[in-house]
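Novice: Below is the structure I would like to discuss, written out as structure tokens.
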Amino acid sequence: MFAIALPMVISNIAAPLLGLVDTAIIGHLPDAIYLSAVALGAMVVSFIYLLAVFLRMSTTGLIAQAFGANDVAAQRRIFFDASLFALVIGVVVLLLSPLALQLVWQLIDANGELKQLTERYIQIRFLGAPAAMLTLVMLGVLLGLQRAKHAMVLVITTNAINVVGDVILIIGLDMNVTGAAIATVVAEWVSAIFGVYLVSKHLRLRRSLLPKASIRRLQAMFSLNRDIFIRSILLHACMAMMTAWASYQGQIYVAANAVLLQFLTLISLGLDGVAYAAEALIGEAKGKKDEYSAHVWLRVCLLWSGIFAMGYAVVFGLFGEQIIYLITNIPEVVATAVEYLPWVIALPLLAHWSYLFDGVFIGVSASKAMRNTMAMAAFGVYLPVWWFTKDLGNHGLWLALSCFMVARGVAQAWVLKRHRLLNFNDTLLLSS
């Protein structure tokens, strides 16, 4: 389990650190407008790419099952179909970028030079969309094959090339925002090509072994990814509410919630690693039709997920205020964040179930179940709790988020047991 989890934890830590270097290079230019433009542009592009994470998730589950069945031909088909699907999505994103820009300026207030620089950054960044989508598939294949170290190398390579490109183009050639965008696009394409090389090596791919495109298989891939995409939209919408509704209470609450939501990033470093392991190991067990192993891996991953959650709760309880001071030193924001810190201390214990069960559901390709449990938690719990506790202000918002996380875990556990998702010969199995 740790052979898969630890490299992904390292990847999760390394990427933001390299991104920090990226930001620091831009931040040391003489005019703050460059940093503002890159920050706005990166936020837009990252949001769109984040919604495409379904490509990684669906591919991991399918490849893990084919890996467990020792079916190399199926692994090649999944790789080919997922890659083709990713390239199509990347091209669509590129073609629709003018419409995306129009929508951005409806939501973001930017004028003059800032708007021009941000627009230039986004336009260049979208040239890397096909590569970014393809890299997600490569990560999914490598995780499904339990090659987590290679997945880690791929993630770190992307960010390292980006930093080197920034140094050359921004500092060396004085290309400011344009240089930052070009460096990232180059990093995305190099990483996509490197990822295809790694996967081709593991799958022993040759041109003669590539399968033919199939409309039926692509439709099945679309159905699987559609359900996970809907799930992701609902999740991000609930998280966005933590900032959107806080804005009605005042800027201090927006800032405090933004600080506290960084704790969720810390939580995901460990819990995502365990979830990735569950995806690969339970997917392999399904491919082997080995129900015993699937239940063993579920217990192992659940144990470590719980240990990580308790560790986070203890650390946040002991050092939460110091972590807040590391993020901001504005007295009003610190005082407000400390007031709501108890919610964050409890959150790992309330949420770790849903992180893990996401990995289990991905492993068995139960995409409809993922979508339905997320919809139930969002519409049946999050929104009603938020609505009826609006008088509690920001406490009501954090209560809604906590209940949402609990509801996700409970609903997933119920579906897992009710539909016997780990009983692989059962006709009640919910899959894509």
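Novice: Quick check on region 401-419. Is at least one of its residues assigned by TED's automatic domain parsing to the domain that holds Ala313, closer than 27 Å to Leu55 by Cβ and not in a helix (DSSP H, G or I)?
Specialist: yes
Matching residues to (1) at pLDDT 75 or above; (2) crowded, with 23+ Cβ neighbours inside 10 Å; (3) of a type in the set (A, V, I, L, M, F, W, C):
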residue	(1), (2), (3)
Pro16	no, no, no
Gly27	no, no, no
Gly41	yes, yes, no
Leu51	yes, no, yes
Leu55	yes, yes, yes
Ile63	yes, yes, yes
Ser83	yes, no, no
Val92	yes, no, yes
Leu107	no, no, yes
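Novice: Considering Met370, Met376, which residue is part of a helix (DSSP H, G or I), in contact (Cβ under 8 Å) with a residue 24 or more places away in the chain and buried (at least 24 other Cβ atoms within 10 Å of the Cβ)? Steps first, answer last, please.
Specialist: Values: Met376 fails: buried (at least 24 other Cβ atoms within 10 Å of the Cβ).
Only one candidate passes the filter, namely Met370.
Novice: Here's another thing I want to ask about it. Only one residue in Ala181, Ala131 is in contact (Cβ under 8 Å) with a residue 60 or more places away in the chain, over 18 Å from the mean Cα position of the chain (by Cα) and surrounded by 15 or more Cβ atoms within 10 Å (Cβ to Cβ), so which one is that? Working first, answer last.
Specialist: Working: Ala131 fails: over 18 Å from the mean Cα position of the chain (by Cα).
Exactly one residue qualifies, and that residue is Ala181.
Novice: Being closer than 22 Å to Leu117 by Cα and among the small types (Gly, Ala, Ser) is the filter; apply it to region 157-178 and report the residue that is surrounded by the most Cβ atoms within 10 Å (Cβ to Cβ).
Specialist: Taking region 157-178 first, the residues closer than 22 Å to Leu117 by Cα are 162-178.
Then keep just the ones that are among the small types (Gly, Ala, Ser); that gives 165, 172.
Numbers: Gly165: 21, Gly172: 10.
Ranking the qualifying residues of region 157-178, first place goes to Gly165.
Novice: A further question on this structure: Considering region 158-177 alone, what residues qualify as being among the charged types (D, E, K, R) and at negative phi? Quick ask: steps written out before the conclusion?
Specialist: Initially, region 158-177 is screened for residues among the charged types (D, E, K, R), giving 166, 174.
Of everything in region 158-177, just one residue is among the charged types (D, E, K, R) and at negative phi, namely Asp166.
Novice: Let me ask another. Of the residues Ile362, Ile323, which is surrounded by fewer than 24 Cβ atoms within 10 Å (Cβ to Cβ) and of a type in the set (Val, Ile, Thr)? Before the answer, list the steps.
Specialist: On the way: Ile362 fails: surrounded by fewer than 24 Cβ atoms within 10 Å (Cβ to Cβ).
Only one candidate qualifies: Ile323.
Conditions (1) out of contact with any helix residue (DSSP H, G or I) (no Cβ under 8 Å at 6 or more places or on another chain); (2) in contact (Cβ under 8 Å) with a residue 24 or more places away in the chain; (3) more than 25 Å from Leu401 (Cα to Cα), marked per residue:
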site: Ile233; (1), (2), (3): no, yes, no
site: Trp245; (1), (2), (3): no, yes, no
site: Gly273; (1), (2), (3): no, yes, no
site: His295; (1), (2), (3): yes, yes, yes
site: Leu298; (1), (2), (3): no, yes, yes
site: Ala313; (1), (2), (3): no, yes, no
site: Gly317; (1), (2), (3): no, yes, no
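Novice: Could you list, in sequence order, the residues of region 310-349 that are more than 30 Å from Gly409 (Cα to Cα) and acidic (Asp, Glu)?
Specialist: Glu332
Novice: Would you check if Leu303 is over 30 Å from Thr336 (Cα atoms) and either without any contact (Cβ under 8 Å) to a residue 40 or more places away in the chain or in contact with a His (Cβ under 6 Å, 6 or more places away or on another chain) (or both)?
Specialist: yes
Novice: Answer yes or no: is there a residue in region 240-247 that is exposed (fewer than 14 other Cβ atoms within 10 Å of the Cβ) and aliphatic (A, V, I, L, M). Can you show your working first?
Specialist: Of region 240-247, the ones exposed (fewer than 14 other Cβ atoms within 10 Å of the Cβ) are 240, 244, 247.
Filter once more, keeping what is aliphatic (A, V, I, L, M): 240, 244.
So far as region 240-247 goes, yes, one or more of its residues are exposed (fewer than 14 other Cβ atoms within 10 Å of the Cβ) and aliphatic (A, V, I, L, M).
Novice: Also, I was wondering about something else. So is Ser365 farther than 27 Å from Gly311 by Cα and not assigned by TED's automatic domain parsing to the domain that holds Gly144 or not? First the steps, then the outcome.
Specialist: Details: farther than 27 Å from Gly311 by Cα: yes; not assigned by TED's automatic domain parsing to the domain that holds Gly144: yes.
It is true that Ser365 is farther than 27 Å from Gly311 by Cα and not assigned by TED's automatic domain parsing to the domain that holds Gly144.
Novice: I'd like to check something: does region 204-211 contain any residue that is crowded, with 17+ Cβ neighbours inside 10 Å, in contact with a helix residue (DSSP H, G or I) (Cβ under 9 Å, 6 or more places away or on another chain) and part of a helix (DSSP H, G or I)? Outline the logic, then answer.
Specialist: First pass over region 204-211, keeping only residues crowded, with 17+ Cβ neighbours inside 10 Å: 205.
If we keep only those that are in contact with a helix residue (DSSP H, G or I) (Cβ under 9 Å, 6 or more places away or on another chain) too, we end up with 205.
Adding the requirement that they be part of a helix (DSSP H, G or I) leaves none.
No, every residue in region 204-211 fails to be crowded, with 17+ Cβ neighbours inside 10 Å, in contact with a helix residue (DSSP H, G or I) (Cβ under 9 Å, 6 or more places away or on another chain) and part of a helix (DSSP H, G or I).
Conditions (1) closer than 22 Å to Ser354 by Cα; (2) buried (at least 24 other Cβ atoms within 10 Å of the Cβ), marked per residue:
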{"site": "Ala277", "(1), (2)": "yes, yes"}
{"site": "Gly306", "(1), (2)": "yes, no"}
{"site": "Phe319", "(1), (2)": "no, no"}
{"site": "Ile330", "(1), (2)": "no, no"}
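Novice: Scan region 282-293 for residues that are in contact (Cβ under 8 Å) with a residue 40 or more places away in the chain and either assigned to a helix (DSSP H, G or I) or of a type in the set (Asp, Glu) (or both) and jot them down.
Specialist: Taking region 282-293 as the starting set, the residues that turn out to be in contact (Cβ under 8 Å) with a residue 40 or more places away in the chain are 282-291.
Within region 282-293, Ile282, Gly283, Glu284, Ala285, Lys286, Gly287, Lys288, Asp290, Glu291 qualify.
The values are calculated or read from the model by the stated rules, or taken from the named source; none is laboratory data. Small disclaimer: the values here were computed from a predicted structure and weren't measured. Quick reminder, even Gly has a Cβ in these numbers, built from the backbone with ideal geometry, and neighbours come from all protein chains shown.
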